[in-house]
1. Filter region 194-212 down to residues that are surrounded by fewer than 16 Cβ atoms within 10 Å (Cβ to Cβ) and of a type in the set (G, A, S), then give me how many there are.
2. Any idea which residue in region 57-76 is farthest from R23 (Cα to Cα), counting only those that are assigned to a strand (DSSP E or B) and open to solvent by 10 Å² or more (accessible area, probe 1.4 Å)?
3. Of the residues that sit in region 1-20 and are under 12 Å from the mean Cα position of the chain (by Cα) and assigned to a loop (DSSP other than H, G, I, E, B), which one is surrounded by the fewest Cβ atoms within 10 Å (Cβ to Cβ)?
4. Which one is nearest to L184 (Cα to Cα), of the residues in region 21-47 that are part of a helix (DSSP H, G or I) and open to solvent by 30 Å² or more (accessible area, probe 1.4 Å)?
5. Filter region 175-193 for residues that are open to solvent by 40 Å² or more (accessible area, probe 1.4 Å) and not acidic (D, E) and give the result.
6. Taking into account only those residues within region 62-108 that are of a type in the set (D, E, K, R) and touching a helix residue (DSSP H, G or I) at 6+ places or on another chain (Cβ under 7 Å), which is farthest from S35 (Cα to Cα)?
7. Which one is nearest to the chain's Cα centre (by Cα) among residues in region 184-213 that are part of a strand (DSSP E or B) and farther than 15 Å from A18 by Cα?
8. Which residues, counting only those in region 126-160, are at pLDDT 85 or above and aromatic (F, W, Y)?
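The values are calculated or read from the model by the stated rules, or taken from the named source; none is laboratory data. The structure displayed is predicted, hence computed values, not measured ones. Please note: Cβ atoms are built from the backbone with ideal geometry, for glycine as well, and neighbour counts cover all protein chains shown. These accessible areas exclude ligands, DNA and RNA; they are computed on the full protein's heavy atoms, side chains included. Shrake-Rupley method; radii C 1.70, N 1.55, O 1.52, S 1.80 Å.
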Amino acid sequence: MSALIKICGISSVDALDAAIEARADFFGMVFFPPSPRHVDHHAASALAMRAGARIGRVGLFVDADDNLIAEGVQAGRLDAIQLHGDETPARVAVIKERFGLPVWKAIPVAAEKDINAAAAFENVADLLLFDAKTPKDAALPGGMGLRFDWNLLGRWRGRSGWGLAGGLSPLNVASAIAETSAPLVDTSSGVESAPGVKDPQRIRAFCEAARKA
């Protein structure tokens, strides 16, 4: 089976339409104002309405409180909540129970110890998204085009569903799938022409490469 595909950080109709036409499985809406990919609730509602049931809707939050998550869930008609901050396993469990939606937890990776630390989230998160760890002084927790050593994932023996993110692009996604057997691949900056500006052609190329892997 081919890997599932998520195009994250979509904020325009053109990008959403490209993702749907390219048969991506999910698109991500970023509810984090510092990000160039941030969408407000009006934009999220419009994108969710346009998407309908043609593609899964995932909302990305960074150390958000319950009120912000609730607003995003309602506006984006979310199918899943993605947590991309320093949320603890206990916090993940609370969010999952309160909102009754699948919760994806991003795991920042730079070394083997980071892979091992993911085990703490196994019983509370529905999917673990292994992403490249950003520098300590970085303004954003992701979406910077960084990648980590995919060989580290060979040490992962968890039971939870998982996905691969971090520096994936149309040029390397096939290799990433071949090397890791990732059941899901997630891209954001890898299909952009500028920070926060999705390129429909790159979205189509990414999806095509992932499907053929």
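1. Matching residues across region 194-212 total 1.
2. If we take residues in region 57-76 being assigned to a strand (DSSP E or B) and open to solvent by 10 Å² or more (accessible area, probe 1.4 Å), then L60 is farthest from R23 (Cα to Cα).
3. Out of the qualifying residues, it is C8.
4. Looking at the filtered set, the residue picked out is E21.
5. Those that are open to solvent by 40 Å² or more (accessible area, probe 1.4 Å) and not acidic (D, E): S175, A178, S181, P183, S193.
6. The selected residue is R98.
7. Of everything passing the filter in region 184-213, D186 is nearest to the chain's Cα centre (by Cα).
8. Passing the criteria: F130, F148, W150.
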